[in-house]
Each structure stands twice: as structure tokens, then as C-alpha cells.
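In what follows, a structure is listed as C-alpha cells, so that the remarks can point back to it.
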Amino acid sequence: VGIASFEYMAHEKNEQRFYCFYLVVGGVLSALAFSGNLLTMYVFYEMMTLTSMPLVMHNLSHEAIMAGVKYLFYSVAGAFMVLFGFFLFNAEGRVLYFAPGGIINEPNPSGIMLFAVFLMIIGFGTKAGMFPMHGWLPTAHPVAPAPASAVLSGVITKAGVLGIIRSVYYVAGPDMIKGTWVQYTWIILSILTIFMGSMMAYKEKVMKKRLAYSTVSQVSYILFGLSMMQPIAFVGALMHVIFHSLVKNTLFVSAGAIICKTGKTKVRQLVGIGKEMPVTMWCFTLVSLTLIGIPPTSAFVSKWYLISGALDSGIPGLSWVGPVVLLISALLTAGYLLTISIKAFFPGEDYNYTKLVNHEPTWRMLLPMVVMTALAVILGIWPAGLMKIFADIAASVL
């Protein structure tokens, strides 16, 4: 994505400022991932918001500034929920270091402890785009440069997922909330977000906004798997973290290449674009098939594990409602992504083939797309290495 940004940002003003914040965000994300306790993680989580906001506001238009402010307000609101949960834990004298399976892990927790965990799930879920705190995503993506959108969707949303994993599985402990109203509410919100995001993406006409709603839906696949607190679903959720990052980075870089080379931003304008940018659109199509869950691509594997784990969880009602919604979402995903590819490669008899112009970008844009597309397919054919790593993690926390 960084390589692709060189050519894209060459058409933008103040690209050095963009690269500066891009580099800082990368460092903050690394520090966030290596945090050893909830306090340091919260500090870097807030730094991530402050350093990534300039990426959203980069072109300094009125829409970009308003989108950046909205992103900030949502992020700060979510962070305040996390901080309040942190204070509630601290008031109970709890140690907030990370340990597999949780530090607290009480089988019969008090109401205030459950409320603290719930606040942290909603707070970190804000960055992951979980309903009802998802509103910043469809506002920020259309105005942000494509490389920033790729980072926001593919990486920064996963910081919210990491925060939830650390809070639930490494501080509170799964036994503390399993079978409580916190778990059931978390599952319901995840299922609702999956369906709502897919439906909104299906109806959306602006390409990058459609991809933003897709992110809302697909990241909640991960949250759904985590909320089941079942080993198979947990492995599926972690695998979907990797696969969704590869796919959504490719989709946003592809959209950026189209915008950079043609200026087209709406879906209806992409008729015949596959004739002008064949490599770009083939990458777009292959990762779209991956996101739908067509075998043998990678997301098929993660979705299979998510559905299998949900059915094995034994949670009354929700153990089968979740898989049904995932299947409906897959059909909607096909509707809002494959229709773009079909029109791109098969524009119809009315298309003027005499005015074809080669808009294919240079290797700087194509290389990341091709590499990530190949990984998205190859990891579905040979997923054993990732499965072993994530199965070991699941065994340590459940």
C-alpha cells in the first residue's frame, strides 16, 4: 500500500505531510500491538486517533475537515467509554496487565464489572465500526486519499478488534462474561452490524462509500466470531483479520488507481473500465470473490470456521441466526461487488469500443494489488500455517 501511495499522492498537494503522518501512524500501530498492559495500550490507542485524523483531512476541503472532525468525535467518544471501563476496573483494585485467559476471570462477576466490560467492547468497537458507533466510516472514506482509506479499513479498524481481544480475553477473561447479558448483547450488535453494513453497501452508489459500508459489515464478522467465545469461531475471527486486511487494502488501492487515472468515483461510471484497466479490475474481481467467500479463496476458510463455531456454540437461537445472516451478507456482498466487475468487463452493445484509452497505472500501483491478490487466494489454498498459529492462541485463552 505504501508503494502504491507514491504514484497516487504524486497528484496530490502536500504529499510530504501525508507521508509524515503515514509513517507516524505505522509506528503508533506497532507500539499499540506491543503494549503490555491496558494503560499503555490506551495511550497509544488515543495517539493512533490523533495521528490518523490528518490522513482523513488531507486535502483540507470542507467535506474532508468535517469528516475528520466526525472521525475524531466518534473515536474520542469510544475512547472515553474505554477509559470509564478502565476506571471501573481500577476502582475494584484489578490488575490490568495482559494474561491469556484473563486476569480477573470471575465466574460470577458483579454488575459493575460486567458494565465495565460492556463499555470497553462498545468503546473499542467504535474503531471497528460496530453499530451504533459506525457512522465515521462511510463519512471518512470518500474524502480520504485511497492509501489512507486502505490503512483505515485494513489496519486501523483492526486496532479496535485488538482492543476488544485484549479487554475480553486477556484482562476480563471469557468465563467472566460467557452466558451473561454482555455476551448476548455483543452477539446481537455484531449480527445487526453485519446485515446493516451489507445492505447499505448494496444500496450505495459512490464506490469508496460502498467499500466503507462493506468494511462495517466485514469487520463485524470478526466481532461475531469473538463474541461466540468458542475455539473454532475464535480461530475463524483471527483468520478473517488477516484475510479482510488483504482484500480491503486491495479494493481501496484499486479504487484509488481508478480515481487517480480516470477521475471516476461512482459505480455507474465504471461501465467498461475493465477494458481500460484490465489488471486493476482483475485484482478487484479476484479479491471480491474472496470477500464473498468463494472457495478456494481465503475468506471461504475463515467464514467456514465462523459458521462452524457458531453452530457448535450451543447458544439458543443466536447459534443459527448468526450463520443465516452471514450467508445473506455473502449474497449481498456478491450483489455490490460482482456487479461492478460484470459491468466493467461486459459493458454491453452500446459501449463505444473505438474510444478505448489505456488507463492502467504503473508498476508502483499494480505491484501491491497483484501481491495482495495473490496472497488472498494462496492463503485460502494453503491456510494450515495460519490455522496452527491461531489455534494455539485460541487454546491459550479459551
> Across segment 99-119, what is the total count of residues that are open to solvent by 40 Å² or more (accessible area, probe 1.4 Å), at negative phi and not in a helix (DSSP H, G or I)?
Replying inline: 6
> Can you spot a residue in segment 42-62 that is exposed (fewer than 15 other Cβ atoms within 10 Å of the Cβ), closer than 21 Å to Ala255 by Cα and at pLDDT below 90?
Replying inline: yes
> Limited to segment 147-178, what total is found for residues that are assigned to a helix (DSSP H, G or I) and more than 15 Å from the chain's Cα centre (by Cα)?
Replying inline: 11
>> Which numbered condition in (1) over 20 Å from the mean Cα position of the chain (by Cα); (2) touching a residue at least 40 places away in the same chain (Cβ under 8 Å) is the only one that Val43 fails?
In response: (2)
> Does Cys283 count as surrounded by fewer than 22 Cβ atoms within 10 Å (Cβ to Cβ) and not β-branched (Val, Ile, Thr)?
Replying inline: no
> What is the one condition in (1) in contact with a Gly (Cβ under 8 Å, 6 or more places away or on another chain); (2) open to solvent by 10 Å² or more (accessible area, probe 1.4 Å); (3) under 22 Å from Phe234 (Cβ atoms) that Ala128 does not satisfy?
Replying inline: (2)
> Under the condition of being farther than 19 Å from Val279 by Cβ and of a type in the set (A, V, I, L, M), which residue from segment 237-249 is surrounded by the fewest Cβ atoms within 10 Å (Cβ to Cβ)?
Replying inline: Ile242
> In segment 250-275, what count of residues is obtained for those that are open to solvent by 20 Å² or more (accessible area, probe 1.4 Å) and in a helix (DSSP H, G or I)?
Replying inline: 8
>> Which condition from (1) in contact (Cβ under 8 Å) with a residue 60 or more places away in the chain; (2) touching a helix residue (DSSP H, G or I) at 6+ places or on another chain (Cβ under 6 Å) is the one that Met53 breaks?
In response: (1)
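The values are calculated or read from the model by the stated rules, or taken from the named source; none is laboratory data. Keep in mind it's a predicted model, so treat the numbers as computed, not measured. In this analysis, Cβ positions are derived from the backbone assuming ideal geometry, glycine residues included, and neighbour counts consider all displayed protein chains. Note: accessible area is taken over every heavy atom of the protein model, side chains too, but ligands, DNA and RNA are not part of it. Shrake-Rupley method; radii C 1.70, N 1.55, O 1.52, S 1.80 Å.
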